[in-house]
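The values are calculated or read from the model by the stated rules, or taken from the named source; none is laboratory data. Keep in mind the model is a prediction, meaning the values are calculated, not measured. Positions of Cβ are generated from backbone atoms using ideal geometry, with glycine treated the same way; all protein chains shown enter the neighbour counts. These area figures cover heavy atoms from the full protein model, side chains too; ligands, DNA and RNA do not enter into them. Shrake-Rupley method; radii C 1.70, N 1.55, O 1.52, S 1.80 Å.
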Amino acid sequence: MKAVAVYPAQRIVKIIDRAEPRIGGPSQVKLRMLEVGVCGTDKEICAFAYGTAPSGSDHFVLGHESLGEVVEAGPGVTDLRPGDLVVSTVRLACSDPNCSACRAGHYDFCMTGKYREHGIKDLDGFMTEFVIEERHNLHPVARELRDVAVLTEPLTIAEKALIEVQEIQRRLHWEGRGRRAVVLGSGPVGLLGAMALVNAGYETCVYSRSPKPNAKADVAEAVGARYISSEQTPVEEMAEQVGNIDLIYEAAGAPQFAFEVLKHLGSNGIYVFTGVPRDQGPIEFHTERIMYNLVLKNQVVLGVVNAGPQAFDNAVRDIGVFAARWPRALGAVITGRFPMEAFHDPVMGKAGGIKNVIDIAQAGRQ
Ligand code: BGC
């Protein structure tokens, strides 16, 4: 079978041939991969700035945003059958017995940093024809969502954020708390985040670079969010237009922009960082206002990475909700489908569009 593999030391990304894997335990499931999404992390990995191969190997298979179809299940798996669609978790637990987070099943909060991530860190990914996975890492998806379910994993980031935001907002003991959100960036994480926020009842504004009209702004507006271009509207003006900003969901990965907007977080507001920036050298920054506001406005700054089982379940549920509520806008997030042989442009960031997807099932048909 074919796979897209990264060789970090040799700085090569290429298609390789591998033996088809076999089920090796009762709780394992064999999946035929249907689609794998490409994200900023994959582009960093393919620029050799991120990513590590499993120990003892000089390469690893790329891809962590998956949609697979069950082809076979071990004898201990009673609730999945061939043809069922599933999305896999990205991160697996570390093996340290003292990591209370991993031992409690919350790998996304791993304390040791020795977690493994499919297609990113110490584990093969999903850009290949067949994969073996443990049942407990799989989240079943309805067949009707075949065309959009590959967006589940990028949505899990917002779902994890929302779970935490709800916890934090419990401190506000009155009605109508925390209802205005600003999303920074209009890539897939930003747009799916905007959908999650609108769906959770937030008056949502997407604040992103490109002026309208553009395809990302169209998606934002189609789901009922407002779109404001940071090129046309300075941050002070945006903040004035929005009113008290209760929640900022950062999905742009641009530090200067992110901290500039932090100055405008409202009273009792929560700022969620999701971007993983590259080192661009030091920037000069006036920090007084940020610290002043954090204290005098009871603000919370939160970093969110990866997602646990609850966030995956919520994402599967909400992809279904979005597909029913905004079928065209959700579908419009996926702007390109590429056969595995044409992986180069999407993984090198040369394909443009919003979300590009590798159509693995096509490789199986050839
Ligand atoms: C993935 C996460 C992962 C993170 C850091 C993101 O692109 O969606 O699952 O934890 O990268 O490796």
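Some notes on this structure:
Yes/no matrix, rows are residues, columns are (1) closer than 22 Å to G331 by Cα; (2) outside any helix (DSSP H, G or I); (3) open to solvent by 60 Å² or more (accessible area, probe 1.4 Å):
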{"site": "L192", "(1), (2), (3)": "yes, no, no"}
{"site": "V198", "(1), (2), (3)": "yes, no, no"}
{"site": "Y207", "(1), (2), (3)": "yes, yes, no"}
{"site": "K212", "(1), (2), (3)": "yes, yes, yes"}
{"site": "V219", "(1), (2), (3)": "yes, no, no"}
{"site": "Q232", "(1), (2), (3)": "no, yes, yes"}
{"site": "A239", "(1), (2), (3)": "no, no, no"}
{"site": "A252", "(1), (2), (3)": "yes, yes, no"}
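- Strands (runs of 3 or more DSSP E) enclosed by the range 1-113 - at least 2 residues per element that are over 17 Å from F130 (Cα atoms) and within 16 Å of the ligand (Cβ to nearest atom): none
- Some residue of the range 335-352 being closer than 16 Å to T152 by Cβ and surrounded by 15 or more Cβ atoms within 10 Å (Cβ to Cβ): no
- Within the range 53-95, tally of residues that are crowded, with 17+ Cβ neighbours inside 10 Å, out of contact with any Pro (no Cβ under 6 Å at 6 or more places or on another chain) and closer than 14 Å to S27 by Cα: 4
- In the range 334-357, the residues that are more than 24 Å from G193 (Cα to Cα) form Cβ pairs under 7 Å with partners that are among the polar types (S, T, N, Q), at six or more places apart or across chains, as follows: F338/N356; P339/Q362.
- Residue pairs whose Cβ atoms lie under 6 Å apart, separated by 6 or more positions or on different chains, with the first residue in the range 276-301 and closer than 20 Å to A252 by Cβ and the second among the hydroxyl-bearing types (S, T, Y) and surrounded by 10 or more Cβ atoms within 10 Å (Cβ to Cβ), are V301/Y271.
- Pick from the range 278-317, criterion modelled with pLDDT of 95 or more and basic (K, R), ranking: nearest to the ligand (Cβ to nearest atom): R317
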